[in-house]
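The values are calculated or read from the model by the stated rules, or taken from the named source; none is laboratory data. This one's a predicted model, so the numbers in the text were calculated from it and none came from an experiment. For neighbour counting, all protein chains shown are included, and Cβ atoms are generated from backbone atoms with ideal geometry for every residue, glycine included.
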Amino acid sequence: MLSGYLGTGLALVVVEVIAIWVRSGYQGLFRVNAALLSAPLALSFLSLVGLRYIFTVPAALEANWIFKMTEGQDNTGWLAGVRKMMWLTVLCPLFGAALPVYAWLWGWKTAALHLSFSLLLSLFLTQLLLLRFFKVPFTCSYLPAKANLKSLWAVYLVAFVTYSYTMSELEFWLLQRPVRMFVFYGLSLPIIWTLVSIRKNQEQLAGRLIYEEIPEPAVLTLDLCQ
């Protein structure tokens, strides 16, 4: 499943590169443009969303007893490990591989500014995806109907377009004057800090981790007493 998400992202990047080559020749790749700026954003979005989804699919549900037995009172360490795994398996390899490519195309200064912008957005997306996520990956029962993908696909599509392409257009404008980039960082960091605080409060209030998804009731009642 994760390969499917990554393959989709790589296909979109290849299409963008071919389109630039057809319009401007290979010289177009050496000019800063929004199409190439969107490449790491598209890949990071699909990779992180793909990971977040497959975390909910159990690998061997009957073996989750070991996590139940070793779970302690403070589960923040477990959940911090989930975030670190997303960063180490997705963000670090992706941006580590992209840095020399962009440095070769546009120079180290522009490459560093571009990837710092992409990394900031990716960290924001990671925090957003893990809100109300109180599970050890691959250990909880899975209810496909509870995800309600039919009603959420439009939301994910809008989020993907905004994150990958609208933000790349914004970044192209910011790169025209690098001082704009630092102003953007100054405005973005408090938002990310607020999101981190909300996530931490949720984790403290959540208590125990979730191992069994509860299906939605077929009939909702008001539980009124007569």
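Going through region 1-59 one residue at a time, which ones are crowded, with 16+ Cβ neighbours inside 10 Å, among the small types (G, A, S) and farther than 30 Å from K84 by Cβ?
G28, A34, A35
Are any residues in region 104-119 touching a residue at least 40 places away in the same chain (Cβ under 8 Å), buried (at least 16 other Cβ atoms within 10 Å of the Cβ) and hydrophobic (A, V, I, L, M, F, W, C), and if so, which ones?
W106, L113, L115, F117
Might you check whether a residue that is more than 21 Å from R52 (Cβ to Cβ) and in contact (Cβ under 8 Å) with a residue 12 or more places away in the chain occurs anywhere in region 160-169?
Yes, some residue in region 160-169 is more than 21 Å from R52 (Cβ to Cβ) and in contact (Cβ under 8 Å) with a residue 12 or more places away in the chain.
Could you check, for region 136-154, whether at least one of its residues is in contact with a Leu (Cβ under 8 Å, 6 or more places away or on another chain), of a type in the set (F, W, Y) and either in a helix (DSSP H, G or I) or modelled with pLDDT of 90 or more (or both)?
Checked region 136-154: no residue is in contact with a Leu (Cβ under 8 Å, 6 or more places away or on another chain), of a type in the set (F, W, Y) and either in a helix (DSSP H, G or I) or modelled with pLDDT of 90 or more (or both).
Conditions: (1) at pLDDT 90 or above; (2) among the aliphatic types (A, V, I, L, M); (3) surrounded by fewer than 17 Cβ atoms within 10 Å (Cβ to Cβ); (4) farther than 22 Å from K84 by Cα. L157 meets all but one. Number of the miss?
(1)
Tell me the helices (runs of 4 or more DSSP H) entirely within region 1-103 that contain at least 2 residues that are of a type in the set (G, A, S) and touching a residue at least 60 places away in the same chain (Cβ under 8 Å).
Once the helices (runs of 4 or more DSSP H) in region 1-103 are filtered for at least 2 residues that are of a type in the set (G, A, S) and touching a residue at least 60 places away in the same chain (Cβ under 8 Å), what remains is 34-54.
Could you identify the single residue in F160, F172, F134, F182 that is of a type in the set (F, W, Y) and farther than 24 Å from A39 by Cα?
Of F160, F172, F134, F182, the one residue that is of a type in the set (F, W, Y) and farther than 24 Å from A39 by Cα is F134.
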